[in-house]
Amino acid sequence: MLKKSNLRLLSVTMHDIAALNIDMRRIFPLILFLFVGQHLLAQHALQTAKMDQALVKERLIRGDSERIQLLVRMKKEGATLPESDKLQINSTLGSILSIEVEMGYLRQLILSQHIAELYYGGLESPTMDSARISTGALSVHKGWGTIDRAYQGENVIIGIIDSGVDFKHPAFRKEEDSLSLRIRSIWCQWDANGNKPTGFSYGSEYNRSEMEAELSRSSNGNIPRTDFDPTYRGGLGHGTHVAGIAAGLKGMAPKAEIIGVSVLWTSASIIDAVSYIFEEAKKAEKPCVINLSLGSSYDLHDGTGIKAEAYRALALQDTSGNVIVTAAGNNGSAERHWGNFPLSDTPQSIYVHGDPVHLAMAVADSHISDMQFRVKSYVGKYDYKENTYQDLQYSDQTDWIRLGDLIADSMESTFYNEMTESFTGGVKVLVAAKDSPSVNHFVEIIIGDSSDIDVRQDPPKTDGIDLYQIEVKGKGRFNAWLMGVSSTYEGSFARFVNEPTELGAELPDDYMVADGNLSILSPAVYKETFCVGAYVNRWVVTDINGKRHPGR
């Protein structure tokens, strides 16, 4: 039905045409087309007003039989949609419905008087979506640039030595077959229920066929959790995370085979894991890249020692393409290194907060007999929320200890707390004989008492020693690394104190602060491994208050 406005327009148009003496038989079809087109455009505008532009675009490029997921806003809660096998309601959230619908059925939906809005919105993006682009990995996957072809890890084995790999995670399956794994095997070193790997006396090895049987539910679930931290020190899930970056379907090498080892975290068990993966890669006649996102500061940091020799022997076993990639570590900003300043006859010192304190030191052979240290202890009332001490008082101190007198030996010195009239701990020192390739002695200093202080603990422990001051003097230089909780196996997070007055302690003369230098872990310090540092994908991060911070 034509509206009155349209009738007036038609009347004016007919009058003008008659005045111009135009043949009506020729012009009338054009007039009819214009009015029908106007009516259809008005109807189309009414219909598309219910759709967002992303859905309008999808209607142009998709076939009628394709299905799409949409959000529908009903005009009132409880209103229903037409019943059809081309439409499925998935979620009902008040007046909003989540539906799946065939594209060809959208016409019927648009005409429904109960629908206020159809929303598609396009595709959302993962937030960790640009690393492959910014690192250049995507170009390698696509074969862009100067490389001869695309590379995605085909015919390469990636070894993940960590807390293990969750074989049930879909990221490690073949893209074309969800029940086929790219995981070749997993060795759970802490598990005693399965068969030991050939040549090793502990743990259980699970192969691809056993894991795929569990995926297809044709086995009884005999495989344990293959990403597990037997020490409960926070490693759970870490291996799967690392494996996903290295060889997940969206990782660096999405078509590589994977061999995982869930380790006991000891140096020997990690060496065994490297040996195991290399041997399995040799059987498969494939090159192998092993990832070690782990390490320790318990080392001379000069590439010598028994652990360094073991990695050197592994690297020399086979030169057919086996590579060990190791993490530099997370200590660059942790300020866990102290030293590398010239010693003098005037004592230089630093405080350490928390307990126990475990220092690993490298001291040159030429000055081992010249260097001395002592430890002073303090007690006080610690406010965990304010991170400060009240009524901090000197308690006791050791004699000066000359390291050269302790080579290939050890000693202990005990603190006496006059406030409690009891022996409350002490200092243990071990000085190793110089290893022949090195010019340094490895020194361990362990400071603690019977009441371990965890700086996160609330309420605090009130007995025991809370703060230590380490003093050094002599000639030459030294380097010391404060072991973290994962290395000491204790409950303390001991840390160096760079701002003692903020903690409520006096600032001594010649106070030498800690830093993040020489912080790369072993085995990353060994020249037989490839050391990899953190990759910063975003240089600046803005917080909720609008303040900008450097990316990490």
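Taking only protein heavy atoms and a 1.4 Å probe, the accessible area of the range 58-120 is 45% carbon and sulfur.
Debye-formula intensities of the range 223-283, expressed as log10 I(q)/I(0) at q = 0.26 Å⁻¹, are -1.19 (one equal scatterer per alpha-carbon, no solvent).
Using 18 Å as the cut-off for backbone N distance, which residues of the range 145-176 belong to the label zone defined by a point 7 Å from the Cα of ARG225 along Cα→Cβ? 162-170, by backbone N distance to the label point.
Extension gain for the segment SER216 to LYS168, taken as residue separation times 0.36 nm less the Cα-Cα distance, is 16.2 nm to one decimal.
Pairs LYS307/LYS434; LYS385/LYS473; LYS168/LYS307: which are spaced more than 25 Å apart, C-alpha to C-alpha? Over 25 Å apart, Cα to Cα: LYS385/LYS473; LYS168/LYS307.
In order along the range 391-401, the phi-based Karplus estimate (6.51 cos²θ - 1.76 cosθ + 1.60, θ = phi - 60°) of 3J(HN,Hα) comes to 6, 6, 10, 5, 10, 6, 8, 7, 6, 5, 10 Hz; Gly and Pro are listed as x.
Stretched out fully, how many nm does the piece from SER267 to LYS381 gain, at 0.36 nm a residue minus the Cα gap? Don't skip to the answer; put the middle values down first.
Numbers: separation 114, 0.36 × 114 = 41.04 nm, distance 3.88 nm.
Extra length available between SER267 and LYS381 comes to 37.2 nm.
Once you put a point 7 Å from the Cα of LYS142 and another 7 Å from the Cα of ASP345, both along the Cβ direction, what distance in nm separates them? Modelled inter-label distance: 7.0 nm. Taking each residue as 0.36 nm, the span from ILE68 to ALA150 lengthens on full extension beyond its C-alpha to C-alpha distance by 26.3 nm. For the set LYS174/LYS196; LYS142/LYS283; LYS376/LYS475; LYS255/LYS282, the pairs lying more than 24 angstrom apart at their alpha carbons are LYS174/LYS196; LYS142/LYS283.
The values are calculated or read from the model by the stated rules, or taken from the named source; none is laboratory data. The model shown is predicted, which means the values in this text are computed figures rather than measured ones. All Cβ positions, glycine included, derive from the backbone under ideal geometry; neighbour counts span all protein chains shown. Side chains included, ligands, DNA and RNA excluded: accessible areas come from the protein's heavy atoms. Shrake-Rupley method; radii C 1.70, N 1.55, O 1.52, S 1.80 Å.
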